[in-house]
Each structure stands twice: as structure tokens, then as C-alpha cells.
Amino acid sequence: MLTLPKGLPDVCGLEKKEIVDLLLREEYGYLPEKPHSIRAELLEHDKRFCAGKADLKIYNLICNCPFGEFSFPVRVVIPKNEDPVPAFVHINFSPDVPDKYQPTEEIIDAGYAVISFCYEEVSSDDGDFRDGLAGLIYPDGKRPADGCGKIAIWAWAAMRVLDFALTLDSIDPSRISVTGHSRLGKTALLAGMLDERFYCAISNDSGCSGAAVARDNDGESVKKIVDRFPYWFCENYYKYSDNEDAMPFDQHFLVAANYPHRVYVASAEDDAWACPQNEFLSCVAAGEYYKKQGSVGFNHNGAIPECGKPITGGSIGYHIRHGSHYQSREDWKYYITFIES
């Protein structure tokens with residue numbers, strides 16, 4: 001039986017707005033304002049995608065924001081169906097459809113639409129805060145200590161994709177989930193925390209500063225991630241490098257703050273860097289918060305399940321599979337199993 005790390009902050013005594021403010025101020029940074037309006041320009045339309053089973057449309061999503069106009073491409077695949085279908089907003093590493101992390105035909109065969117965007121078409125994955133959306137938010141490339149890092153910027157874009165998805169008659173507005181892998185799994189959890197319109201937020205191998213509890217973590221540490229990727233976070237987060245015990249939060253706060261909608265965490269057996277044990281423990285601790293709110297929470301027995309046997313039936317789900325750091329067809333299958341449970 002696994003036990004929670006000593007000194008793990010208790011999330012159950014906090015209101016959600018307190019959790020959100022704490023995580024934004026101390027880890028991810030405060031996001032820019034919402035756009036005044038959004039419009040979509042159709043760029044391409046393939047009516048015979050996947051042998052005619054679906055429509056593939058590529059749009060330019062144009063956001064009219066208080067700080068200027070910003071646009072980025074989104075790719076929409078919707079199975080041909082008489083009734084509205086559930087959908088995934090997929091924050092992806094590439095613009096390709098399909099992609100190694102997005103088995104598009106399998107997703108539509110399961111009856112789901114998938115709306116994807118490439119994160120670097122929003123802002124580059126580096127310390128350049130003049131690039132893309134970051135350049136509009138920070139015209140001089142400089143940001144305050146609590147200013148949003150790149151993860152928060154990508155999460156802002158995922159919420160704009162949700163804004164757009166909700167305008168599509170062929171998509172069920174009550175069943176739109178958000179997912180991403182690795183750093184984009186962190187992004188999906190953050191977007192889910194900030195936007196209760198999502199049906200489920202799905203983290204795949206998000207690890208340190210994502211789903212995995214930082215205390216007693218045998219994989220990536222706050223120091224290692226901040227040294228290598230400081231631009232993902234706000235500068236306030238840097239003070240917790242080699243100082244996790246001083247954090248007034250831990251990553252179960254991020255999972256818990258996805259309440260009231262559902263949340264799912266996926267791990268991989270050989271992905272030690274993401275620390276599957278601590279991803280599981282984050283679900284355990286966050287499950288107590290969900291239960292306090294009157295939800296079913298996390299249906300676990302105190303031990304990580306066997307590979308290929310997902311935990312479903314509650315507001316929080318989890319699986320671990322064989323293999324390494326990757327977002328596989330198997331992972332997508334388990335997401336759908338959880339959503340439909």
C-alpha cells in the first residue's frame with residue numbers, strides 16, 4: 001500500500017478560487033484576459049478524410065483580444081453522424097493529422113471528434129517571450145514574477161479552442177474534453193482547472209509540475225525542470241528549486257482544482273522521470289477534495305493498478321500501461337473507457 005508523503009499540504013480546507021490563485025501566483029503565472037470575440041476562417045476542407053468517414057477542416061482562429069489580435073490554426077475532424085458527438089481538444093506537438101500522438105481514425109471510429117492545434121503555433125517552446133502570443137502579452141519580452149509562462153499561454157489557447165468548439169452544431173457541448181502529453185499534459189490540467197466548461201481534463205505522462213506530487217519524487221524534481229525549462233512557469237516558482245517542502249501546495253492541488261468536472265491521469269510503467277507512483281498519489285490526495293465536495297472521487301484500493309487495468313467509475317480516473325514516455329493508441333482507448341464510465 002502506498003502512503004502520501006509527509007508534510008503534503010492539505011487541499012481539502014481550501015475553496016477552489018484559493019487553490020487557483022495560489023497555483024497561478026506561485027507556479028504557472030496569471031493568464032491574459034479573454035478575447036472580446038473569436039472568429040474562424042476556413043482554410044481547407046477535406047470531405048473524404050479517412051475514406052469518407054469524417055470531415056477534416058482547417059481553420060484560422062482569430063482572437064480579438066484587449067492586448068491585440070492573435071490567430072493560430074486549428075484542425076477539426078468530425079465523424080459523419082446525424083447527432084452531435086463528444087470531442088477532444090488535443091494540444092499537440094505537431095500540426096499533423098493524424099500524428100504519432102493522435103490516432104485520428106481510431107478516435108473517430110469510437111465516435112469522437114478531435115480538434116487539435118500545435119502548441120508552437122501559439123508560442124515557441126523556449127525563453128523567447130516576444131514570439132507569437134507571448135509577444136502580444138509582453139511587448140518588450142519581459143514579464144513580472146507572477147506573469148504567465150509558456151504552459152499558461154498554451155492553456156489560454158486551449159480555452160480559445162473550446163470557445164470555438166462550442167459554436168459547432170455537430171459537437172456535443174457538454175462532452176468536450178482536453179488532453180495533452182508530457183508538458184502538454186501539464187497544460188491540459190491547467191486549462192481544465194481554469195475552465196469548468198470542459199467535461200474532462202486528461203493528463204498523459206505529465207510528471208513533475210503536472211500530475212505528479214513533487215515531494216518524495218524519485219523522478220524529475222522542481223530544480224531539474226526549472227533549470228532546464230524556466231520559461232514554462234512564472235518566476236515565483238523558481239524559489240522552490242531544491243525547496244519543495246517550502247511549497248504551500250503540491251500537484252494534487254492542480255488535479256483537485258479540476259473540480260467540478262472529471263479528470264484523468266495516465267502513466268507509463270517505464271516512465272520513471274514522470275514518477276508514476278507520485279502521479280497515482282496525486283489522484284489519491286485530490287480524490288479526498290472531490291469527496292468533500294460530494295463527488296465520488298477516486299475509486300482506488302491504495303495501490304497502483306496493474307498495467308492495462310484502468311480505474312474508472314469516479315470523478316478521477318487513472319491508468320498505467322506498459323512502455324515508456326509516449327501517448328499511444330492504448331492511452332486513448334482508456335480515456336474513452338473512462339469518459340463513458
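Values in this text are rule-based calculations from the coordinates and carry no lab data. As the structure is a computational prediction, the values presented were derived from the model and not from experiment. In this analysis, Cβ positions are derived from the backbone assuming ideal geometry, glycine residues included, and neighbour counts consider all displayed protein chains.
Using a ≥ b ≥ c from the Cα gyration tensor of segment 1-104 (square roots of the eigenvalues), is it rounded, prolate or oblate, where a/c under 1.5 gives rounded and otherwise the larger of a/b and b/c decides, a/b for prolate? Could you put the intermediate results ahead of the total?
On the way: a/c = 2.77, a/b = 1.59, b/c = 1.74.
It comes out oblate by the Cα gyration axes.
Decide, for segment 16-339, between rounded, prolate and oblate: order the square roots of the alpha carbon gyration tensor eigenvalues as a ≥ b ≥ c, take rounded if a/c falls under 1.5, and otherwise choose prolate if a/b is larger than b/c, else oblate. Verdict is oblate for segment 16-339. For segment 35-49, the Karplus equation 6.51 cos²θ - 1.76 cosθ + 1.60, evaluated at θ = phi - 60°, returns couplings of x, 5, 7, 9, 9, 10, 9, 6, 9, 9, 8, 10, 7, 10, 5 Hz by residue, with Gly and Pro reported as x.
Compactness of segment 238-291 is given as radius of gyration and Dmax, 12.4, 33 Å, from Cα positions.
Backbone N atoms of segment 1-35 closer than 20 Å to the 7 Å Cα→Cβ label point of residue 239 belong to residues 8-10, 18-31. Between residue 94 and residue 1, the distance separating the two model label sites (each 7 Å from Cα on the Cα→Cβ line) works out to 4.6 nm. Measuring max minus min along each principal axis, the C-alpha atoms of segment 110-259 give extents of 49, 37, 21 Å (largest first).
Loop only per DSSP, at most 11 neighbouring Cβ atoms within 10 Å: give me the trypsin sites (Lys or Arg not before Pro) in segment 3-91, ordered by residue number.
On the way: sites: 6, 16, 17, 25, 39, 47, 48, 53, 57, 75, 80; in loops: 6, 53, 80.
For trypsin sites (Lys or Arg not before Pro) across segment 3-91 that sit outside H, G, I, E and B with at most 11 neighbouring Cβ atoms in 10 Å, the list reads 6.
Segment 47-105 and segment 249-304 have Cα centres lying 29 Å from one another. Spacing of the modelled spin labels on residue 64 and residue 295, each 7 Å from Cα toward Cβ, amounts to 3.6 nm. Evaluating 6.51 cos²θ - 1.76 cosθ + 1.60 at θ = phi - 60° for every residue in segment 312-326, the Karplus couplings come out as 10, x, x, 7, 10, x, 7, 8, 10, 10, 5, x, 10, 5, 5 Hz, glycine and proline recorded as x. With contributions of -39500 (n - 2.57) from each DSSP H run of at least four residues, the per-residue ellipticity at 222 nm computed over the chain stands at -7500 deg cm²/dmol. Each residue of segment 270-275 was assigned a 3J(HN,Hα) from its phi angle through the Karplus expression (A = 6.51, B = -1.76, C = 1.60, θ = phi - 60°), giving 9, 8, 4, 4, 7, 6 Hz with x at Gly and Pro.
Given +1 at the Cβ of Lys and Arg, -1 at the Cβ of Asp and Glu and no other charges, the dipole of segment 16-339 around its Cα centre is 580 debye to the nearest 20.
Assigning unit charges at the beta carbon (Lys, Arg +1; Asp, Glu -1) and nothing else, what dipole magnitude in debye, to the nearest 20, does segment 25-177 show about its Cα centre? Show your work: numbers first, answer last.
Values: 16 positive and 26 negative charges, 42 e Å.
Dipole magnitude for segment 25-177 comes out near 200 debye.
Amide hydrogen proximity for residue 99: with H placed 1.01 Å from N in the peptide plane, the residues at 5 or more positions away or on another chain lying under 5 Å are 104.
Annotation note: trypsin sites (Lys or Arg not before Pro) in segment 195-274 located in DSSP loop regions with a Cβ neighbour count of at most 16 within 10 Å are 197. Multiplying the residue separation of residue 246 and residue 12 by 0.36 nm and removing their Cα-Cα distance gives an extension gain of 82.4 nm.
Quote the FRET efficiency, to the nearest 0.05, computed for residue 306 versus residue 341 with a Förster distance R0 of 22 Å and r equal to the Cβ-Cβ distance.
On the way: r = 18 Å, r/R0 = 0.80.
For R0 = 22 Å, the calculated efficiency reads 0.80.
When GluC sites (Glu not before Pro) are flagged only if DSSP places them in a loop and at most 12 other Cβ atoms lie within 10 Å, the longest unflagged stretch of the chain comes out as 83-195.
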